[in-house]
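Colleague: Below are the structure tokens for one structure; questions will follow.
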Amino acid sequence: MSPKEMNVLPFISKDGYSPHTFEYIPLSLLSESEGDGCKPSLQDWMKIFYNSIEYFASMAKEDGQVENPSAKAKIFATLYRDKLDTLMQKRYEDAKPHLNCLTLCKMREESLIEAGFTDVFASIKQRENIESIKLLPSICKELDQIETKRKLWDTLIRNMCAANIFDLGSAHTARMYHENEFCFEACRKMLLPRPWAIDNVETFCDRMMSHTYNQAMIFVDNSGADVMLGMLPFARELLNQNVAKSVVVAANSYPSINDITYSELIHLLPQICEADQKLSEYVKSGTLRIIPSGSGLPVIDLSSDSISDEVRQEAENTDFLVLEGMGRSIETNLNAEFLVDSLRIGMVKHKEVASCLNCNLMDCVVKFCTI
Ligand code: MG
């Protein structure tokens, strides 16, 4: 066991933590071919990853940062398909521990790196970040004009859910993005009516109006609207309303799909601060800090030894944990036990996840737990 593994984050339950929400291999082998009626089978789950090959290869082919992107994209597709095939061929033996969302995402990132890519979605992320920062002042102004606290927290929740639609890791929302159906205003109108798949919105609002935390730690998801219009305004209000004395935003250390990275966020901080006076003050005073999470995946295992030293240090003072996005909040951490108050928020963008949660595609999860 590495020293980092022994150093478990203080807010996760040592025995109760598992970063796997959904069993990809059903308990009954008999049910494997058809699932157990309404739940997805192993084949259904694997299809998500097999089907992602073509889209990732098409994006990789356009990568202007590498030489011969077309040839490299083909190498990626072959590498990843072979890895998935190998797992499927021996799925009941040594492959079983790898048949989960975390390792299948990891293998896809590794295949891209092995093929010679570093950040296939870089240009899309950059464009979306710049466009979203332009909208940040109007979102902050709108929040500042809300008259009641309950309405404010309710709006923030809705904004976070709507902004989470910018996800190129899901075939459904990637198609929406490329077909230009995408704008933050439209996404807010598209939210399904409540109650949502998991809907602790009222409990969350009550708590935000009556409690003060020492520190909130927010694991953010996607670039563009997601972080700029959903998560940063949320971090701003936690400070503005004195709900948290300080807020730490943890972003991926390494690129993965369209997730915002630590270095991208740091690079954009001057523009973010220019867009909003309050965010600027919080950054200057150090009450709002950006740190690298250590992760390079669209999901997160908080018990992994890849978790950064910065997260480990900041975790000591954290008494409110926020996990955002389908990968981090639903597919890996939905059932995790935490030893501090926690908010898991995201949108359901895979039909397999929807069927496990007995909800519709594009439904929202707002799981708020107090200890
Ligand atoms: Mg993402």
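Colleague: Rolling a 1.4 angstrom probe over the protein heavy atoms, how many square angstrom per residue are accessible across region 170-262?
Modeller: For region 170-262, the per-residue accessible area is 34 Å².
Colleague: In addition: Compute the normalised compactness of region 73-160: alpha-carbon radius of gyration over 2.2 N^0.38 Å, N being the residue count.
Modeller: Compactness ratio reported: 1.77.
Colleague: Pop out the carbon and sulfur fraction of the accessible area of region 240-320 as a percent, whole number, probe 1.4 Å.
Modeller: 47 percent
Colleague: While we're looking at this one, here's another question. Can you pull the percent of region 66-138's accessible area that's carbon plus sulfur, 1.4 Å probe, other chains left in place?
Modeller: 55 percent
Colleague: Quick one: length gained pulling Glu179 to Lys245 fully straight, 0.36 nm per residue minus the C-alpha distance?
Modeller: Going from the current span to full extension adds 19.6 nm.
Colleague: Can you pull out the trypsin sites (Lys or Arg not before Pro) in region 156-238 that DSSP calls coil and that have at most 11 other Cβ atoms within 10 Å?
Modeller: Passing sites in region 156-238 do not exist.
Colleague: Report the percentage of all Cα-Cα pairs in region 251-371 whose separation exceeds 26 Å, rounded to a whole percent.
Modeller: I get 28 percent for the Cα pairs in region 251-371 exceeding 26 Å.
Colleague: Here's a follow-up. Please give the net charge around Glu114, taking every other residue with its beta carbon less than 14 angstrom from that of Glu114, where Lys and Arg add +1 and Asp and Glu add -1.
Modeller: +3
Colleague: What FRET efficiency do you get for Val8 and Ala95 if R0 is 35 Å and r is their Cβ-Cβ distance, rounded to the nearest 0.05?
Modeller: For R0 = 35 Å, the calculated efficiency reads 0.80.
Colleague: Which of rounded, prolate, oblate describes region 178-311, given a ≥ b ≥ c as roots of the alpha-carbon gyration tensor eigenvalues and a/c under 1.5 marking rounded, otherwise prolate only if a/b is larger than b/c?
Modeller: Rounded.
Colleague: Need the full-extension length gain, Lys39 to Ser18, defined as separation in residues times 0.36 nm minus the C-alpha distance. One decimal, nm.
Modeller: Contour length minus the Cα-Cα distance gives 5.5 nm.
Colleague: Give me the orientation-averaged projected area of the Cα convex hull of the chain, in nm², one decimal.
Modeller: 17.9 nm²
Colleague: Could I ask something else about it? R0 = 45 Å: FRET efficiency of Asn214 with Ile130, Cβ-based, nearest 0.05?
Modeller: 0.85
Colleague: If you take the Cα Rg of region 166-210 and divide it by 2.2 N^0.38 Å, with N the number of residues, what do you get?
Modeller: Compared with the compact-globule rule of thumb, region 166-210 sits at 1.55.
Colleague: Among the lysines, select those whose C-alpha is under 18 Å from the C-alpha of Lys284, and discard any that sit fewer than 8 residues away in the same chain.
Modeller: List returned: Lys245.
Colleague: Roughly speaking, what is the stretch gain from Ala186 to Ser285, that is 0.36 nm per residue apart minus the C-alpha to C-alpha distance, in nm to one decimal?
Modeller: Contour length minus Cα-Cα distance gives 32.2 nm.
Colleague: While we're looking at this one, here's another question. Taking Lys351 as the anchor, which lysines have their alpha carbon closer than 29 Å to its alpha carbon, excluding any fewer than eight residues away along the same chain?
Modeller: Within reach: Lys39, Lys47, Lys61, Lys74, Lys83, Lys90, Lys96, Lys106, Lys125, Lys189, Lys367.
Colleague: Next up: Go ahead and run the numbers for FRET between Glu147 and Asn317, Cβ-Cβ distance against an R0 of 45 Å, rounding to 0.05.
Modeller: After rounding to 0.05, the efficiency reads 0.85.
Colleague: Provide the per residue accessible area, probe 1.4 Å, for region 40-147, rounded to a whole number of square angstrom.
Modeller: Ligands and nucleic acids excluded, the figure is 52 Å² per residue.
Colleague: Over region 97-230, one equal point on each Cα, no solvent: what is log10 I(q)/I(0) by the Debye formula at q = 0.13 Å⁻¹?
Modeller: -0.72
Colleague: Packing-wise, with mean Cβ within 10 Å as the measure, how do 108-119, 192-203, 212-223 rank, highest first?
Modeller: Top to bottom by mean Cβ count within 10 Å: 212-223, 108-119, 192-203.
Colleague: When averaged across all projection directions, what area in nm² does the alpha-carbon convex hull of region 41-92 cover?
Modeller: 3.6 nm²
The values are calculated or read from the model by the stated rules, or taken from the named source; none is laboratory data. This structure is a prediction, so every number in the text was calculated from the model and none was measured. As a convention, Cβ positions derive from the backbone with ideal geometry for all residues, glycine included, and neighbour counts pool all protein chains shown. Surface accessibility is based on the protein's heavy atoms, side chains included, excluding ligands, DNA and RNA. Shrake-Rupley method; radii C 1.70, N 1.55, O 1.52, S 1.80 Å.
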